[in-house]
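**Student:** Here it is: the structure, laid out below.
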Ligand SMILES: Cc1cc2nc3c(=O)[nH]c(=O)nc-3n(C[C@H](O)[C@H](O)[C@H](O)COP(=O)(O)OP(=O)(O)OC[C@H]3O[C@@H](n4cnc5c(N)ncnc54)[C@H](O)[C@@H]3O)c2cc1C
């Protein structure tokens, strides 16, 4: 199917892109195009203009600034997968196939806010912040309030995501577990875990779920249930059950709601055990 007609703008720099977006409220920025182009072809979107930002190299970087990771919005999934960033590199390596990873960007992924996207599970576990810019200045919002609902974010017309930031969790271990029908598919369920051990006890833990709600979920009561404890079978079962109670998946071609809920328990336990063994 062909997309509807649109104008095409290639700004020379970010300032020019932001000025154009400010004066054309229904324009859409084009990053990797791996979600936007399908939306156009399905005629779910009819923007007047596409503003191509993907070649603006100022927004493609990975920095460790003091104890904070700063990742430019136009950094591709491929570059993130190769950068040895705690939790996020593993998550990026499980997105789609090589073509998707070479073209798709982290800013595009979170701005698209697909409820089955992989990054949001990791970003909510990492307590990430999203930097948003416009001609009026910048603001920073936590990922938990940036993604508001299915395909809905906190972005206002004229604003773009410029950077994703999160603390470098020293002494933590990580795992992202993704259940998919075939390699390269979207997640049936995804669970990200960051945890810190003190001897054989879990000192701290953050858990992020994706594909089982309208956006990423942080099952904080499950985290509390294991903090300060040894990860015995009983404790892991309890944590998995609590994480499962946060999930509110919808039945689709990837499985029934009941199956997906049960997989939250399985993957939460697996993510915790995998992280501990690393
Ligand atoms: C075959 C296939 C398989 C896929 N599999 C997976 C998968 O397994 N897991 C997964 O998580 N994703 C998957 N995806 C989606 C993929 O990760 C996309 O790359 C991503 O969702 C969108 O990033 P993009 O850079 O391509 O953005 P685009 O498609 O260019 O843009 C997406 C949306 O975000 C907006 N946007 C883009 N950048 C910004 C910005 N900086 N600021 C504000 N708004 C912006 C655009 O206007 C548009 O509305 C898959 C896609 C395909 C085609």
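Each value in this text was obtained by applying a stated rule to the coordinates, not by laboratory testing. This one's a predicted model, so the numbers in the text were calculated from it and none came from an experiment. Neighbour counts run over all protein chains shown; Cβ positions are idealised from the backbone, glycine included.
**Student:** From the list 173, 261, 221, which one is away from the ligand (no atom under 16 Å from the Cβ), under 21 Å from residue 115 (Cα atoms) and in contact with a helix residue (DSSP H, G or I) (Cβ under 6 Å, 6 or more places away or on another chain)?
**Tutor:** Details: 173 fails: under 21 Å from residue 115 (Cα atoms); 221 fails: under 21 Å from residue 115 (Cα atoms).
On inspection, the qualifying residue turns out to be 261.
**Student:** State the number of residues belonging to region 1-29 that are touching a helix residue (DSSP H, G or I) at 6+ places or on another chain (Cβ under 8 Å), surrounded by 14 or more Cβ atoms within 10 Å (Cβ to Cβ) and either without any contact (Cβ under 8 Å) to a residue 40 or more places away in the chain or over 20 Å from residue 138 (Cα atoms) (or both).
**Tutor:** So the count comes out to 5.
**Student:** Further, regarding this structure: Tally time: how many residues in region 176-191 are part of a strand (DSSP E or B) and crowded, with 22+ Cβ neighbours inside 10 Å?
**Tutor:** Summing the residues that are part of a strand (DSSP E or B) and crowded, with 22+ Cβ neighbours inside 10 Å in region 176-191 gives 6.
**Student:** Hey, could you check region 112-128 for residues that are in contact (Cβ under 8 Å) with a residue 60 or more places away in the chain and outside any helix (DSSP H, G or I) and say which is farthest from the ligand (Cβ to nearest atom)?
**Tutor:** Out of the qualifying residues, it is 127.
**Student:** A further question follows. Keeping to region 81-94, report how many residues are surrounded by 24 or more Cβ atoms within 10 Å (Cβ to Cβ) and within 11 Å of the ligand (Cβ to nearest atom).
**Tutor:** Total meeting the criteria: 2.
**Student:** Which one of these does residue 146 not meet: (1) without any contact (Cβ under 8 Å) to a residue 60 or more places away in the chain; (2) crowded, with 17+ Cβ neighbours inside 10 Å; (3) out of contact with any strand residue (DSSP E or B) (no Cβ under 6 Å at 6 or more places or on another chain)?
**Tutor:** Here residue 146 meets the rest and fails (3).
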